[in-house]
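Before any comments, here is the structure.
The values are calculated or read from the model by the stated rules, or taken from the named source; none is laboratory data. Since this is a predicted model, take the numbers as computed values, not measurements. FYI the Cβ positions are ideal-geometry reconstructions off the backbone, even for glycines, and counts take in every protein chain you see. Ligands, DNA and RNA are excluded from the accessible area calculation, which covers all protein heavy atoms including side chains. Shrake-Rupley method; radii C 1.70, N 1.55, O 1.52, S 1.80 Å.
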Amino acid sequence: YKSKDPAARNALEILLLFPGPRALFFHRIAHRLYLWRIPFFPRFIAELSRWLSGIEIHPGAILGKNIVMDHGMGIVIGETAVVGDEVLIYHGVTLGSTPFEEGKRHPTIEKGAIIG
């Protein structure tokens, strides 16, 4: 995280004060429950995470490793989105869709991409 965000000074500051790692932590829990098909709780955890971080990630989204959400407020990642490893996402990015069709409705972001 420190290598992609010059404002990140130390691990404690990143864990306690940065919204991106907080949102990713909650997403990992919600995603696991989602895969186990447990009702209600994955969406509840995602909603709680949104309140605490300003970042909305659907429990069904697939996120890779070492994702950095710089100034994460307003990031939205939809249910069928796939985000590769080492992606840098800036504030206000929406990986979403408007169609009400079944199937893949959200983008796939390749490894190492920078989106803003």
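Among the residues of the stretch 45-79, which ones are over 12 Å from the mean Cα position of the chain (by Cα) and either within 19 Å of HIS106 (Cβ to Cβ) or free of Cβ contacts under 8 Å to residues at least 12 places away in the same chain (or both)? If you could, list the steps in order and put the result at the bottom.
Keep residues of the stretch 45-79 that are over 12 Å from the mean Cα position of the chain (by Cα), which gives 45, 47-48, 51-52, 71.
GLU47, TRP51 - these are the residues of the stretch 45-79 that are over 12 Å from the mean Cα position of the chain (by Cα) and either within 19 Å of HIS106 (Cβ to Cβ) or free of Cβ contacts under 8 Å to residues at least 12 places away in the same chain (or both).
Restricting attention to the stretch 22-46, which residues are open to solvent by 60 Å² or more (accessible area, probe 1.4 Å), modelled with pLDDT of 95 or more and of a type outside the set (Val, Ile, Thr)?
Selection gives PHE25, ARG28, ARG32, TYR34, LEU35, TRP36, ARG37, PHE40, PHE41, ARG43, PHE44.
Please go through the stretch 60-114 and give me each residue that is within 21 Å of ILE14 (Cα to Cα), open to solvent by 30 Å² or more (accessible area, probe 1.4 Å) and in contact with a Pro (Cβ under 9 Å, 6 or more places away or on another chain), ordered by number.
Listed by number, the residues that qualify are HIS71, MET73.
Going by the conditions given, is PRO19 touching a Ser or Thr at 6+ places or on another chain (Cβ under 7 Å) and either surrounded by 13 or more Cβ atoms within 10 Å (Cβ to Cβ) or on the phi > 0 side of the Ramachandran plot (or both)? Please lay out each step first, then the result.
Numbers: touching a Ser or Thr at 6+ places or on another chain (Cβ under 7 Å): yes; either surrounded by 13 or more Cβ atoms within 10 Å (Cβ to Cβ) or on the phi > 0 side of the Ramachandran plot (or both): yes.
Yes.
Name the residues in the stretch 1-21 that are part of a helix (DSSP H, G or I) and either modelled with pLDDT of 95 or more or hydrophobic (A, V, I, L, M, F, W, C) (or both), would you?
Within the stretch 1-21, the subset part of a helix (DSSP H, G or I) is 11-17, 19-21.
Those that are part of a helix (DSSP H, G or I) and either modelled with pLDDT of 95 or more or hydrophobic (A, V, I, L, M, F, W, C) (or both): ALA11, LEU12, ILE14, LEU15, LEU16, LEU17.
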